[in-house]
Amino acid sequence: MSKQQHTFPNKSTSVHELLDTIKSKRTKDIDWRKGRAFCLIYHPGDEREEGIKQIFDQYYADNALNPTATPSIVELETETVSMCADLFHGDEQVCGNVTTGGTESILLAVKTARDWAKQHRPHITQPHVVIPESAHPAFMKAFHYFNIDFTVTRTGKDFSADIAATEAAIASNTILLVGSAPAYPYGVMDPIVDIAALAKRKNLLCHVDACIGGFILPFIKESGYAIPPFDFEVDGVTSLSADVHKYGYAPKGASVVLYKNHELRRFQFSLYTKWAGGIYGSPTMTGTRAGSNIAAAWGALRSIGREGYLEMAKATMDTTERIKKAIRGIDELEIMGETNMCIVAFKSSKIDVFMLADVLNKKGWHFERQQLPPTLHFTINYIHKDVVEEFVADLQASVAEVREKRLQQMGNKLQSSIVKGLSSLLPEGTIAKLQQNSKPDLDNENKAAMYGMMGALAGTGDLDKIVLDFLDNIYTAKS
Ligand SMILES: *Cc1c(COP(=O)(O)O)cnc(C)c1O
């Protein structure tokens, strides 16, 4: 048996030295603090961040597991939930919990629906959910974990959920309908009013995924943009998720899940009363819960406040308009749908957008690559007001660069079609070998070709294997 890459540390290392190690490791990371990342991080500016950090530090090591040990954290959590319920037009019955993120909020909402149905729809042995194709994969994770069947419906021409397709997909074992406000891929909101009305008419639950939109849509609306109703003011909405660690600008590890009433939330809780260790009741998925994250969520809402969020939403929408205008001015690029907020995705029928992505990465910009069809995805937040002109100039220059690389692009296309053709003929394991060359090296010239290949393989067993190998590889320690 060969040894691990890293032996367990014998001696203590000075924090000074460890910080140096981290500093050198971090040179590989995206520089979100300077507004270079249109993904993953939401930065309210250094001053606001400093305040939230101080509140986080107050509960650095605290555990919110036992409410009687730290009643102050219970207060911070219930106040956070209540402030959010107010923001989302909930009446006094609306309640919920702070979770570690959108995924946990969604897992809990789905689990709650399943257990609600066990009691209220006892004839259903195998529950089923109807979900638009644009909804977040956290739902598929939930269906997988909790053994729930689901039907994915196609979105309409405007990329929002198709209400007729949703209704057609409802079966005798359906328990829940889902809509997003907005969906992540193109920032387009589903018709929540229609979905909730349909759910109500069919006696189903209705979850609104406002994970990304929750903490900015109300302020975008207040700035004068038309935002359709999406929260508890809509009749038929029974639960809602919203991430404080996105446009709430709290540090990672904070979301809220809200329910129409206490009766429904009871199905979220978990308890076991026969354990030698005592009566064990737990509101969310985790056991030990970081007090720091709950405090920071509370701290972000309180220290920024409606006025702060409004100011940030206005600046973010101005930045978004500037970027949209620039994209519209580039002949090769086409914005996907009518985004309701500060998410912009574009495709191109004239250039390879993944090649454009490589060029932009080289200039230090980071964002997401999407598929089916290939698009580039930009999540714009407050910090980008400082870099928007530089970004627009780089985008224009990068498109010009790619225009000139057309010949090379044709080579890549040829390469991906060859890979597609070959993948059915190659012996097992060959595809996995191809993937070893695709470590997440942000300057890798081959990324465009790799994504072309991925697109050709989407939905095949080969791609499943590539992704599983990739995850296994990335979460194995390197020397
Ligand atoms: C981010 C997001 C999620 C998942 O949230 P995590 O915090 O990443 O777990 C779910 N739905 C939407 C629309 C999102 O944008």
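Bear in mind these aren't lab numbers, they're just calculated from the coordinates by the rules spelled out. Keep in mind the model is a prediction, meaning the values are calculated, not measured. Neighbour counts are summed over all protein chains in view; Cβ atoms, including those assigned to glycine, are modelled from backbone coordinates with ideal geometry.
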*Give the peptides 150-158, 89-97, 275-283, 106-114 in descending order of average Cβ contacts within 10 Å, highest first.*
106-114, 89-97, 150-158, 275-283
*Order the peptides 59-66, 72-79 from the highest to the lowest mean number of other Cβ atoms within 10 Å of their residues.*
72-79, 59-66
*Using θ = phi - 60° and the Karplus form 6.51 cos²θ - 1.76 cosθ + 1.60, what ³J(HN,Hα) does each residue of the range 254-263 get, whole Hz, x for Gly and Pro?*
8, 8, 10, 10, 10, 10, 4, 7, 5, 4
*Check Ser180: other-chain or 5+ apart residues with amide H under 5 Å from its amide H, H built from backbone geometry?*
Asp190, Asp209
*What list of ³J(HN,Hα) couplings, whole Hz, do you get for the range 167-176 from phi and the Karplus terms 6.51, -1.76, 1.60, once you set θ to phi - 60° and write x for glycine and proline?*
4, 5, 8, 5, 10, 5, 9, 6, 10, 8
*Could you tally the net charge around Asn147, taking each other residue with its Cβ under 13 Å from the Cβ of Asn147, Lys/Arg +1 and Asp/Glu -1?*
+2
*Tell me, in nm to one decimal, what length is gained between Ala400 and Cys39 on full extension, where the rule is 0.36 nm per residue of separation less the Cα-Cα distance?*
127.6 nm
_Roughly how far apart, in whole Å, are the Cα centres of the range 226-299 and the range 342-367?_
35
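Please label the shape of the range 55-301 as rounded, prolate or oblate, based on the square roots a ≥ b ≥ c of the eigenvalues of the alpha-carbon gyration tensor (a/c under 1.5 means rounded; beyond that, a/b larger than b/c means prolate, else oblate).
Judged from the Cα gyration tensor, the range 55-301 comes out oblate (a/c at least 1.5, b/c at or above a/b).
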*Using the number of other C-beta atoms within 10 angstrom as an exposure proxy, rank Ser292, Ser2, Ser349 with the fewest first.*
Ser2, Ser349, Ser292
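Rounded, prolate or oblate, given the Cα gyration tensor of the range 305-403, with a/c below 1.5 counting as rounded?
Note, shape of the range 305-403 comes out prolate.
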*At 0.36 nm per residue, minus the direct Cα-Cα distance, what do Tyr475 and Asn261 gain on full extension? Give it in nm, one decimal, please.*
73.0 nm
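What is the calculated FRET efficiency for Ser24 to Asp158, with r their C-beta to C-beta distance and R₀ = 35 Å, to the nearest 0.05?
Computed FRET efficiency for Ser24 and Asp158 comes out at 0.15.
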*Measuring from the lowest to the highest alpha carbon on each principal axis, how far does the chain reach, largest first, in angstroms?*
64, 64, 54
*What does the charge add up to near Pro132, with Lys and Arg as +1, Asp and Glu as -1, over the other residues with Cβ less than 11 Å from its Cβ?*
-3
*Within the set Lys34/Lys314; Lys23/Lys405; Lys25/Lys314, which residue pairs have Cα atoms separated by over 31 Å?*
Lys23/Lys405; Lys25/Lys314
*Under 16 Å from the Cα of Lys200, which lysines turn up, not counting those fewer than eight places away in the same chain?*
Lys260
*Estimated FRET transfer efficiency when R0 is 35 angstrom, pair Glu17-Gln54 (beta carbons, to 0.05)*: 0.85
*Tell me what the chain gives for mean residue ellipticity at 222 nm when only DSSP H runs of n ≥ 4 count, each as -39,500 (n - 2.57), the sum divided by the residue total, rounded to 500 deg cm²/dmol.*
-14000 deg cm²/dmol
